[in-house]
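Structure record follows, encoded as structure tokens.
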């Protein structure tokens, strides 16, 4: 592609680089200049225009964007994504439903190293999205790109993005009570809202005393496809009441503690029948983002959450401080 100013005698068929206001209306940038357009320019006293002229083998921006987007999403139904129309060298990738975004980071990097004019921007891997959310955008920066480079980018792009849909529809939240009195429902409401984002719901409410035996019985009797535990007293050790109750019920605890703040006191495991168990940290009573969100979203979408997965959440795991947090990070006098 050749870019720069040309005399009007050579402008027909070229792509106008900058919008021009003319009597009777403007000519928009990106327009392929016609014989009539050139005549209007002459009448307006304009002798030169800045244009892009495609060489043989160049692919116009919209065609190139569409080709790369189709390489990224060759099977929209299977990948849970759909494509917008092409315009100004751009095609957006749209979520077809709720879920987590799977991103092949190596493929995205490979696309973006072929040619600076060929770009793909995406949401971060495993970001939760709703139906209709834009998860990626293909943008051809120049007015055209060489076909060979476009083909190279398309080869790197094959199915680099897809939506991981939720697979769990129900979860049982077991709340433990310390002392007497009415149990507030703030934690249950926040948990129900988190589940609803991915199309899941809570089974009927379960409240038991903060006691290993009582909690173990409730865990064993839980109806949901996932078991969530929100204790009235914070879990302080892997041998504390809630993790011990899970083990007493025949389950296993695979990780206690996470390098995400708020959210440090989460634990995760599974029952003997394979159902996931999450011990929610106290901050899960708030609707604000915390480490439990990241774990819960993966579990609801059927992803195994390993010890290594949680350990890797520390990079980017310092989340916004909650104004209502009982123990803020900043100590008095610092």
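If I ask for residues that are out of contact with any helix residue (DSSP H, G or I) (no Cβ under 8 Å at 6 or more places or on another chain), in contact (Cβ under 8 Å) with a residue 12 or more places away in the chain and not in a strand (DSSP E or B), which ones from the stretch 11-20 would you list?
Across the stretch 11-20, the qualifying residues are 13, 14, 17, 18.
Within the stretch 118-140, is even one residue in a loop (DSSP other than H, G, I, E, B), over 19 Å from the mean Cα position of the chain (by Cα) and buried (at least 19 other Cβ atoms within 10 Å of the Cβ)?
Applying the first criterion (in a loop (DSSP other than H, G, I, E, B)) to the stretch 118-140 yields 123-127, 130-133.
Imposing the further condition that a residue be over 19 Å from the mean Cα position of the chain (by Cα) reduces the set to none.
Within the stretch 118-140, none of the residues are in a loop (DSSP other than H, G, I, E, B), over 19 Å from the mean Cα position of the chain (by Cα) and buried (at least 19 other Cβ atoms within 10 Å of the Cβ).
Let me spell it out: the conditions are (1) buried (at least 17 other Cβ atoms within 10 Å of the Cβ); (2) under 27 Å from residue 64 (Cβ atoms), and residue 2 meets all of them except one. Which number is the exception?
Of (1) buried (at least 17 other Cβ atoms within 10 Å of the Cβ); (2) under 27 Å from residue 64 (Cβ atoms), only one is false for residue 2: (1).
Going by what's in this entry, would residue 217 be described as in the same structural domain as residue 194 (by TED's automatic domain parsing), in contact with a helix residue (DSSP H, G or I) (Cβ under 6 Å, 6 or more places away or on another chain) and part of a helix (DSSP H, G or I)? Walk me through how you get there before you give the answer.
Details: in the same structural domain as residue 194 (by TED's automatic domain parsing): yes; in contact with a helix residue (DSSP H, G or I) (Cβ under 6 Å, 6 or more places away or on another chain): no; part of a helix (DSSP H, G or I): yes.
Considered against the rule, which asks whether it is in the same structural domain as residue 194 (by TED's automatic domain parsing), in contact with a helix residue (DSSP H, G or I) (Cβ under 6 Å, 6 or more places away or on another chain) and part of a helix (DSSP H, G or I), residue 217 comes out as no.
On the basis of being at pLDDT 95 or above, closer than 16 Å to residue 220 by Cα and in a strand (DSSP E or B), does residue 269 make the cut? Full working, then the answer.
Values: at pLDDT 95 or above: yes; closer than 16 Å to residue 220 by Cα: yes; in a strand (DSSP E or B): yes.
In short, yes.
Report, by residue number, each residue of the stretch 141-192 that is part of a helix (DSSP H, G or I), over 30 Å from residue 206 (Cβ atoms) and touching a helix residue (DSSP H, G or I) at 6+ places or on another chain (Cβ under 6 Å).
Filtering the stretch 141-192 for residues part of a helix (DSSP H, G or I) gives 147-157, 186-192.
Cutting the leftovers down to over 30 Å from residue 206 (Cβ atoms) gives us 147-157.
Across the stretch 141-192, the qualifying residues are 149, 150, 152, 153, 154, 156, 157.
Is it true that some residue in the stretch 56-63 is part of a helix (DSSP H, G or I) and more than 27 Å from residue 93 (Cα to Cα)? Quick ask: steps written out before the conclusion?
Pass one, the stretch 56-63, residues part of a helix (DSSP H, G or I): 61-63.
From the residues that got through so far, the ones that are more than 27 Å from residue 93 (Cα to Cα) too are none.
Among the residues of the stretch 56-63, not one is part of a helix (DSSP H, G or I) and more than 27 Å from residue 93 (Cα to Cα), which makes the answer no.
Can you say whether residue 63 is surrounded by fewer than 18 Cβ atoms within 10 Å (Cβ to Cβ), modelled with pLDDT of 95 or more and over 30 Å from residue 17 (Cα atoms), as far as the supplied structure shows? Steps first, answer last, please.
Numbers: surrounded by fewer than 18 Cβ atoms within 10 Å (Cβ to Cβ): yes; modelled with pLDDT of 95 or more: yes; over 30 Å from residue 17 (Cα atoms): no.
Criteria not met by residue 63.
The values are calculated or read from the model by the stated rules, or taken from the named source; none is laboratory data. In this text the structure is predicted, and so the values were computed from the model without any measurement. For neighbour counting, all protein chains shown are included, and Cβ atoms are generated from backbone atoms with ideal geometry for every residue, glycine included.
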